[in-house]
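Q: Got a structure for you, questions after.
Please treat every number below as a calculation from the coordinates, not as lab data. All figures in this text were calculated on a predicted structure; none of them were measured in a lab. Positions of Cβ are generated from backbone atoms using ideal geometry, with glycine treated the same way; all protein chains shown enter the neighbour counts.
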Amino acid sequence: MSAIGAERSRPPLVVVGASAGGVEALRDLVSRLPVGLPACVLVVLHVPADSPTALPAILARVSAVPVRAADDGAPLRAGEVVVARPDHHLVVADGRVMLTRGPKENGHRPAVDVLFRSAAREGGRDVLAVVLSGALDDGAAGAVAVAARGGRIAVQDFDEALYDSMPRSAARTVPGALRLPAAQLAALAGDWAGAVPRADGTAAVTEVTHLEKETAMAAMDPGAMHDHERPGRPSGFGCPDCAGALFEIEEGSLVRFRCRVGHAWSADSLLARQVVDLEGALWMALRSLEERAALNSDLGARAGRLGHDRTAARFGENAAEATGAAELVRQLINEIGGTTGVDEIGSPSLHE
């Protein structure tokens, strides 16, 4: 049951999100989860769509708590760890796990924010959201949703995280977030789950007006997809995934974007993707200019051999102009290199 004031039909939820450097942090956390944990732990690690489903086996080797890959429709059970599958969002609804191929968020599927947002809708204050190592700000929007519905937020200690951007971003957007090493986050999960009272509707909850719609979009709900009203206001920016218009959503200090078909972007992820797209466009321009210079040079040499000196000179000028423009583009590529500030174009390793 999704209503916060209703009798709880599922255990408390510990939702964990990680990206670059997250395998090590997940091992530290899961290895210290207590047997008989009175909560269900759900894990999203950002991985490529074609990645092997190796994470459950890696975590199971160090865990005293059962670890399994998520199965669509499986009930949420206390005392186990459920790991998202590659290329599928992990959504919780009505006491069960849902696997969907809904629109990507920040270029990811599975996405941390999708899990966090659906857990906030499902569990309200019965949710502990944990943000581990990762680049950019994935998980921040989901943490805001969890906190707004009365749940708790914890982040990996910045000094311990291999990539501290994700935990820093979550802590910045939810100032009350706890900051602990991964090993201590496991103890926190056990203590918190054991102390969660049965939901009675008395908790202070801030309603997130677009929470239902955004969760439904991630679940590929036809009603949400066909609803022409979108959260936020038109931003004037285009979606990198589908080129559709992006709508700007403000949540306190957090600004993010979502397009008509549901692709979602944080400001940092959108900037990083724009840099990637810009570099790709510049490489295409460089290739075109180099080909133009080579073709004009060949045509100029041919014209010279035939004694057409004026034509040869014109082709030579064209070749020089193209070469000069190519050099400018090459300099631009060098200048933007490394400006993404992230490694999200790469992916976390699933090997020990």
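Q: So if R0 is 30 Å, what FRET efficiency would Ala281 and Ala183 give, r being the distance between their Cβ atoms, rounded to the nearest 0.05? Walk me through the numbers on the way to the answer.
A: Values: r = 45 Å, r/R0 = 1.49.
Result of the calculation: an efficiency of 0.10.
Q: Now for a different question. Below 10 angstrom from the Cβ of Ala182, what's the summed charge of the other residues (Lys, Arg +1; Asp, Glu -1)?
A: Neighbourhood net charge equals -2.
Q: Separate question: Using a Förster distance of 45 angstrom, determine the FRET efficiency expected from the C-beta separation of Ala320 and Asp241, and round it to 0.05.
A: 0.70
Q: What are the ³J(HN,Hα) values, in whole Hz, obtained from phi via the Karplus relation 6.51 cos²θ - 1.76 cosθ + 1.60 with θ = phi - 60°, for each residue of the range 253-265 in sequence order, with x given for Gly and Pro?
A: Listing the rounded values in order: 7, 8, 10, 9, 9, 8, 9, 4, 8, x, 4, 10, 9 Hz.
Q: Quick one: among Arg61, Arg121, Arg305, which has the greatest mean-square fluctuation in a GNM of the chain with alpha-carbon springs under 10 angstrom?
A: Largest GNM mean-square fluctuation: Arg305.
Q: Which value in deg cm²/dmol, rounded to the nearest 500, describes the helix-derived mean residue ellipticity at 222 nm for the chain, given -39,500 (n - 2.57) per DSSP H run of n ≥ 4 and division by the residue count?
A: Details: 10 runs with 139 residues, N = 352.
Result for the chain: -12500 deg cm²/dmol, rounded to the nearest 500.
Q: Using Cβ contacts closer than 10 Å as the measure, can you line up Ser63, Ser253 from fewest to most? Please list the in-between numbers first.
A: Numbers: Ser63 21, Ser253 10.
Listing Ser63, Ser253 from fewest to most nearby Cβ atoms yields Ser253, Ser63.
Q: Here's something else I'd like to know. Under 5 Å between amide hydrogens, which residues at least 5 positions from Leu178 or on another chain qualify, with H placed 1.01 Å from N in the peptide plane?
A: Ile153, Ala154, Val155
Q: If packing is taken as the average count of other Cβ atoms within 10 Å, what order do 49-56, 167-174 fall into, highest mean first?
A: Taking the mean over residues of other Cβ atoms within 10 Å, the ranking is 167-174, 49-56.
Q: Roughly how many Å is it from the Cα centre of the range 100-179 to that of the range 10-37, as a whole number?
A: One Cα centre to the other: 13 Å.
Q: Continuing with this model, one more query. Treat each spin label as a single point 7 Å out from the Cα along the C-beta direction, and report the Glu291 to Glu229 distance in nm.
A: In this crude label model, Glu291 to Glu229 measures out at 4.9 nm.
Q: Next question. Which of Ala325, Thr215, Ile336 sits farthest toward the positive end of the charge dipole of the chain, with +1 on the Cβ of Lys and Arg and -1 on the Cβ of Asp and Glu?
A: Thr215
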